[in-house]
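Below: the structure, in structure tokens.
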Amino acid sequence: MVSCALKTEHSHFFPKSVSKIVALSISMKILIIEDEVELSAVIQDFLEQEKFLVETAFDYASGLDKISNYDYDCILLDIMLPGGSGMELLAQLRALGKSDSVIIISAKDAVEDKVQGLELGADDYLAKPFHLAELHARVKSIIRRKNQHGENIIHYKSVSLFPDERKVLVGNKELILNRKEYDLFYYFMIRPEKLVQKTTLAEAVWGDHADQADSLDFIYSQVKNLRKKLKDQKAGIDLQAVYGVGYKLV
Amino acid sequence: MKISLKNYTIRYLIIAFLVIMAVWASLFYAYILDEVYDNVDDGLKNQKIEILRGVYEEPELLETSEYGINQFRIRPAEGDEEFSEENRLSREFFYMPYDDEQEPYRVLRTGFYGRDHKPYHLEIRTSTVEEDDLIYDLTTALMVLYAVLVLSLYLINTFVLGRAWRPFKIILDNLNHYRFGTKDKLRPIDTNVLEFNQLHTELDRMWRRNEELFDEQKRFIENAAHELQTPLAITINKLDLLMEDETLNESQLTQIAESKSSLLRLVNLNKSLLMLSRIENKQYKNVERVSFNDISRELVNEFQDLLDFKHIELLLHEESTFEIEMDRYLATVLISNLLRNAIKYTPEGGQINVFHVQDRFSVTNTAIGPALDPDIVFNRFHKGEQDKGSTGLGLAIVKSIVDSYPILSVGYTYANEKHMFFIKK
């Protein structure tokens, strides 16, 4: 684990270009503190499929126990817990001087909760219910931000994505993408060869699922553009439609 | 025609008074006249007795053939003339030099036998009331009385009843200003009128009961929406996991995707309902000075790709800055919902205009259909005809946000085949 102080030191001494490259998700430890056992199990299943090491806690006491004794790369924290509030847990964590990244997941997507959570040092806030792909994207980006001296580039085949610069390289040539194209491509790059559902993408770009028809058409056209650009650049990768449900980066 | 309660009574009282006074006046007149004649007649009869006595003692009085100072005359009865000793009273007119006109007199005619045993006619007269003058005077007096009565009635109504009814006015005013869920207190009334106090107490109780029910209902909606979030999250995430399964065939995968899509609609509905109750519960309290110009610029930037995709031209007009003290998040939701609404309903190749004027922020867009009904367009779950996927809550949220700031108002108009939604300060 790398603390905040170390992070600054390191980024100071090691410029990005010489940073050590490690596989991102391998052996990344995640703690889920969530009292809904089923939800916790689903998230655990999913994250384990993504090769994370996952531990769970179901109440305040066991959560506190885990965060005091171990370090995690990312903690998924519910606010309403038996025996206490996730906010208190977050405060405890910071009081212990730990810098584990925290994503608050809560059914209460009230703004004040969000603000309070972020003020207490949470890194992100995700309102229930969420797409697992969305959760995955957030976890990845948090771990990436945290390990600034580590893996900064996402590779797939000959394509590299630089999240900090929002830049994509095919071989050594830059692939010029507009904003939304980049956002969509990011989703594909963090989960290559996996199905990315259209609804997830639509919500990511439009933010309100209600307006399906328009945004799905929009996604379709954006994906079409992306495919054309990838093909023109001879990237050797393609976005494959999966039964009209979504796409897969292959 | 609607009239106020106090004028309502006065209208009938005026007519009633008029009738009562007319009847009373006729009776009064008849009694007075009766009494006057009675008095006069008694006097005449008394005079007759005195005259007859005088004639016995002084026979030369029999020679009084014309009315003189004594106001009587005597003439001997002719042979075939009708003769009677009964008193006959009548009302006649005689010339009166003082007034220089004919004046009414009461005349007593009778007959008697003198000492000479001859029959004589006796006529005694006396001046009596002038009935027309009496009627005239009486009418005048009554009219004055009537006028005074009506006037005092009016004044009493205006001042006394007005004062007595003031608490009622306050109660009406209270009801008028009452808005559900505002948690205002009823303005207290200060009166010793029993009925008003009762009315006030009952209203107050009803009010509280309603508020409690309303609160309960709001809490119920919020709790229900809230409680649904976790099971929805579990279901959706399980479907997500299921969709990762590479062995699924097309129809299975499509069906799962469709289920998820329906669930996501539910999620959105839920979120919108939660948001509505939070707005109504005034949970967004981070009030600061926000510029609609800044927010719309950011949002337009956000939506630009989608706008390009739909070939919609969006023009931002910033004649002035539209600034207001409100919660920034709510301001963003407000503008975002209006913009999304416009984008959603603008046909391909259409145009959206966003105007910022000092006291007015408006969004217009090219219309496909006819004008919307301004009375229901902001209603919850009201949806346009061509709408399938929408929650029908977007504009309801806009309205709810605007309503939570008393200085803001929202409206809709339609002109030149353009829909326009505007926010006014």
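Read-outs throughout are calculated quantities, based only on the coordinates presented, and are distinct from any laboratory measurement. Worth saying up front: this structure is predicted, and the values here are computed from it rather than measured. Don't worry about glycine lacking a Cβ; one is built from the backbone with ideal geometry, like all the others, and counts go over all protein chains shown.
Here are some notes:
- Of all residues making up segment B:342-368, the number that are surrounded by fewer than 19 Cβ atoms within 10 Å (Cβ to Cβ) and of a type in the set (A, V, I, L, M): 2
- Restricting attention to segment B:39-74 and to residues that are farther than 19 Å from B:Pro119 by Cα and small (Gly, Ala, Ser), the residue that is surrounded by the fewest Cβ atoms within 10 Å (Cβ to Cβ) turns out to be B:Gly68.
- Extreme residue, nearest to the other protein chains (Cβ to nearest Cβ), among residues of segment A:56-65 that are farther than 22 Å from B:Leu239 by Cα and surrounded by 15 or more Cβ atoms within 10 Å (Cβ to Cβ): A:Phe58
- Taking each residue of segment B:245-259 that is within 7 Å of chain A (Cβ to nearest Cβ) and looking for partners that are loosely packed, with under 14 Cβ neighbours inside 10 Å and small (Gly, Ala, Ser) with beta-carbon atoms closer than 7 Å, six or more apart or interchain, yields B:Thr254/A:Gly244.
- A search for C-beta distances below 9 Å between a residue of segment B:339-364 that is within 14 Å of chain A (Cβ to nearest Cβ) and any residue that is among the basic types (Lys, Arg), counting only pairs 6+ apart in sequence or on different chains, returns B:Ile343/B:Lys310; B:Thr346/B:Lys310; B:Pro347/B:Lys310; B:Glu348/B:Lys310; B:Gly350/B:Lys310.
- Residue within segment A:143-162 that is within 14 Å of chain B (Cβ to nearest Cβ), more than 23 Å from A:Leu89 (Cβ to Cβ) and either in contact with a strand residue (DSSP E or B) (Cβ under 7 Å, 6 or more places away or on another chain) or not hydrophobic (A, V, I, L, M, F, W, C) (or both) present: no
- Residue ID - farthest from the other protein chains (Cβ to nearest Cβ), chosen from residues in segment B:273-307 that are touching a residue at least 60 places away in the same chain (Cβ under 8 Å) and under 19 Å from B:Ile343 (Cα atoms): B:Asn293
- Counting only strands (runs of 3 or more DSSP E) wholly contained in segment B:44-130, the ones carrying 3 or more residues that are closer than 25 Å to B:Asp34 by Cβ occupy B:88-96, B:101-113, B:119-127.
- Filter pass, B:His356 being at positive phi and of a type outside the set (Val, Ile, Thr): no
- Leading residue by the ranking (farthest from A:Val139 (Cα to Cα)) among those in segment A:40-79 that are in contact (Cβ under 8 Å) with a residue 40 or more places away in the chain and of a type in the set (A, V, I, L, M): A:Val42
- Restricting segment B:206-244 to residues that are surrounded by fewer than 14 Cβ atoms within 10 Å (Cβ to Cβ) and of a type in the set (S, T, N, Q), the residue that is farthest from A:Lys128 (Cα to Cα): B:Asn210
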